[in-house]
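**Student:** The structure is given below, and queries will be raised subsequently.
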Amino acid sequence: MRRMKGEKYSKKSRSAGHKIPPVGQRELEFLQEFKGRLLRRYSGRIRQVALFGSRATLNAREDSDYDVFIKVDRKDRQLTDGIFDLAYDIYIESDLTIDISPVIMTEEYFQDRISKERKIAEDIQREGIPL
């Protein structure tokens, strides 16, 4: 359940029965299928695929998306568009239940984010679950 604009956020409201169980078998199969398609389509370009965020830390709500970190050799428009297309294909095939949000970075950019103590890179490093 998403908050409405202006609605106050509190840990109490977040934990008021809205958490969901860890990633189930069906969801894991769709995430593995997403990874498999990435590796088949972009052989040699994908360096790492990991789940992070609320689904990885078991703090997800029913409507939480699946944050998936994808480390690539180099970033270009064709690769980025293709990855988002694959994520959308999974969303459609899962009857709109597996909403994958790709986060795409090169090794250099990821290390730069780590060195600058950027939260997203630290979260990926700390919470990331390899797929």
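The values are calculated or read from the model by the stated rules, or taken from the named source; none is laboratory data. Since this is a predicted model, take the numbers as computed values, not measurements. Positions of Cβ are backbone-derived with ideal geometry, glycine not excepted, and every protein chain shown enters the neighbour counts.
**Student:** Given Thr57, Thr97, Thr80, which one is more than 21 Å from Gly24 (Cβ to Cβ) and among the hydroxyl-bearing types (Ser, Thr, Tyr)?
**Tutor:** Thr80
**Student:** Can you pull out the strands (runs of 3 or more DSSP E) entirely within region 44-131 that have at least 2 residues that are over 11 Å from the mean Cα position of the chain (by Cα) and touching a residue at least 60 places away in the same chain (Cβ under 8 Å)?
**Tutor:** Answer list for region 44-131: 46-52.
**Student:** Take the residues in region 86-131 that are surrounded by fewer than 12 Cβ atoms within 10 Å (Cβ to Cβ) and of a type in the set (D, E, K, R), then tell me which one is modelled with the highest pLDDT.
**Tutor:** Among residues in region 86-131 that are surrounded by fewer than 12 Cβ atoms within 10 Å (Cβ to Cβ) and of a type in the set (D, E, K, R), the one modelled with the highest pLDDT is Glu108.
**Student:** While we're looking at this one, here's another question. What tally of residues in region 68-92 results from selecting those that are of a type in the set (Asp, Glu) and under 18 Å from Thr106 (Cβ atoms)?
**Tutor:** 3
**Student:** Same structure again: Being more than 30 Å from Gln78 (Cα to Cα), assigned to a helix (DSSP H, G or I), of a type in the set (Ser, Thr, Tyr) and at pLDDT below 50, is that true of even one residue in region 7-29?
**Tutor:** Yes: region 7-29 contains one or more residues that are more than 30 Å from Gln78 (Cα to Cα), assigned to a helix (DSSP H, G or I), of a type in the set (Ser, Thr, Tyr) and at pLDDT below 50.
**Student:** Among the candidates Asp81, Asp73, which residue alone is out of contact with any strand residue (DSSP E or B) (no Cβ under 7 Å at 6 or more places or on another chain) and over 16 Å from Val23 (Cβ atoms)?
**Tutor:** Exactly one residue qualifies, and that residue is Asp81.
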